[in-house]
Amino acid sequence: MVATPPQWEDFWRSGRIVSCPTDSADGYTGNVRRLWEQFFGQLPSGSRLLDIGTGNGALPLIALDVARDRAADLEVHGIDLARIDPLHVVPDGQRLFKKAVFHGGVRAEAMPFADGYFHAVVGQYSLEYTHCEAALSEIRRVVADGAPARFVLHHASSIVVTIAHESLSHARELEERASAFSDLREYVAAERTDADRAGRLHARIGERIAHLHRLSAESKGSRLLADVLPALGKLFELRQRLSPAEFGEALDRAYRAFKAGEQRLREMIGVALDAGAMGRLADQARASGFRDVRFAPLTQDAEFLVGWQLDMRSASASARVGASP
């Protein structure tokens, strides 16, 4: 995958189920969830399912829920380039994922599975982060002939990407215009040595933080300020209980988490696909041994564009041999 693993490993250690929810819930809901329920509901009992870029197992969780409701048996595997551990970081993960196997540190372009092992393959907001041509070829290798595949990918015009752009704008406001991290560091240092300077910094910080809270209240969907501002507020409250070194370390951790989130947003925007790029990916899928390749915009409850839906099926060996170059 193109994404830098440490940034994602830090995120997945939070225990969150998804990185790009389609609403305020930490999981897929509405039309997106129904899309996956329909796909998993058609898999015969005994099928082996592969989830590409599984993160903390959002799709395996849905697949296992569907299998339980149908009294069906599924063998579910999830891979991710990040060193994931959903069983231990997701609340109640060992029970939720009792019948899932997760493989962290695994590239979609080089997977440790036998040829034709899986009966179906899926992925949400994952395939576009890979070197797609190599990943599609490897996915075709590990699935059986006729295996269905479904992917949801980032759409360049989706609400998810629109919010990512807004979040990056908020990140610039927070770091460059408001100087939130540097001002807080300066204030805590001045509070111990220069009361007058600390007073001036306190007034400036108050004005800038008020501006950021107004931006957060006016947001069309970005959670960046709503997440970062309380974290900074908590640090401010703890400053007198921490030594200078401890406070510096805590502020450094908060800043690294902020920058990692900013980088994840940039990566998302960078991999989002317009119609032309989606068409080229579909061509790569056909060349890699998939047939019946279809893609279309995907909306959440017929209201918000949330991505591309890509459906296809692995071709038989004979069909691939006879296919046009």
> Of the residues that sit in the stretch 245-301 and are among the aromatic types (Phe, Trp, Tyr) and over 30 Å from ARG172 (Cα atoms), which one is surrounded by the fewest Cβ atoms within 10 Å (Cβ to Cβ)?
Replying inline: PHE295
>> I'm trying to understand the selection: among the residues of the stretch 174-184, which are surrounded by fewer than 17 Cβ atoms within 10 Å (Cβ to Cβ) and not polar (S, T, N, Q)?
In response: GLU176, ARG177
> Out of curiosity, is SER219 touching a helix residue (DSSP H, G or I) at 6+ places or on another chain (Cβ under 9 Å), among the polar types (S, T, N, Q) and over 27 Å from TYR187 (Cβ atoms)?
Replying inline: no
>> Tell me yes or no: at least one residue of the stretch 164-182 is farther than 22 Å from ARG264 by Cβ and among the charged types (D, E, K, R).
In response: no
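Collect the residues in the stretch 119-131 that are surrounded by 22 or more Cβ atoms within 10 Å (Cβ to Cβ) and either part of a strand (DSSP E or B) or more than 17 Å from the chain's Cα centre (by Cα) (or both), keeping them in residue-number order.
To start, the set of residues in the stretch 119-131 that are surrounded by 22 or more Cβ atoms within 10 Å (Cβ to Cβ) comprises 120-130.
Scanning the stretch 119-131 gives ALA120, VAL121, VAL122, GLY123, GLN124.
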> Of the residues ARG223, ARG253, ARG286, ARG239, which single one is among the charged types (D, E, K, R) and assigned by TED's automatic domain parsing to the domain that holds LEU50?
Replying inline: ARG286
> Got a sec? Which helices (runs of 4 or more DSSP H) wholly within the stretch 1-113 have at least 1 residues that are loosely packed, with under 14 Cβ neighbours inside 10 Å and either of a type in the set (Phe, Trp, Tyr) or modelled with pLDDT of 90 or more (or both)?
Replying inline: 30-41, 58-70, 86-89, 93-96
>> Looking at the structure I just gave you, is ALA190 farther than 30 Å from ALA315 by Cβ and either within 28 Å of the chain's Cα centre (by Cα) or not assigned by TED's automatic domain parsing to the domain that holds LEU168 (or both)?
In response: no
> Going by the structure shown, is GLY105 under 17 Å from the mean Cα position of the chain (by Cα) and small (Gly, Ala, Ser)?
Replying inline: yes
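Residue under question is LEU281, and the condition is that it be in contact with a Leu (Cβ under 9 Å, 6 or more places away or on another chain) and at pLDDT 95 or above; does it hold? Walk me through it before giving the result.
Numbers: in contact with a Leu (Cβ under 9 Å, 6 or more places away or on another chain): yes; at pLDDT 95 or above: yes.
In short, yes.
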>> Give me the residue from the stretch 302-325 that is more than 22 Å from ARG280 (Cα to Cα) and aliphatic (A, V, I, L, M) and, out of that set, modelled with the lowest pLDDT.
In response: ALA317
>> Just to be sure I understand, how many residues within the stretch 38-72 are closer than 23 Å to ARG140 by Cα and of a type in the set (Asp, Glu)?
In response: 1
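The values are calculated or read from the model by the stated rules, or taken from the named source; none is laboratory data. Bear in mind that the values here come from a model prediction, so they are computed numbers and not experimental data. Glycine also receives a Cβ, built like all others from the backbone with ideal geometry; neighbour counts cover every protein chain displayed.
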